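I have placed the structure first, in the form of structure tokens, so that the comments after it can refer back to it.
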Amino acid sequence: MIMKPANFAEAYAAVLAAVADGTLTEERIDESLTRIYTIKMAD
């Protein structure tokens, strides 16, 4: 999970580039978000 990167725009661009080149899938992002939201909602 990216937490307050030093340069948000750079981190965001890197994630977009990873999705564009197939290194990272949108499905993987969705899985991560679901896990994060589940943990946050449990608090």
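The values are calculated or read from the model by the stated rules, or taken from the named source; none is laboratory data. Everything quoted here is computed from the prediction, not taken from an experiment. Don't worry about glycine lacking a Cβ; one is built from the backbone with ideal geometry, like all the others, and counts go over all protein chains shown.
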Any pair with Cβ under 6 angstrom, 6 or more apart, that starts in region 4-16 at a residue that is within 20 Å of ARG28 (Cα to Cα) and ends at one that is modelled with pLDDT under 95 and exposed (fewer than 11 other Cβ atoms within 10 Å of the Cβ): ALA11/ILE2
Test for LYS4: is it among the charged types (D, E, K, R) and not in a helix (DSSP H, G or I): yes
The chain - residue that is among the polar types (S, T, N, Q) and surrounded by 10 or more Cβ atoms within 10 Å (Cβ to Cβ) and, of those, farthest from the chain's Cα centre (by Cα): THR23
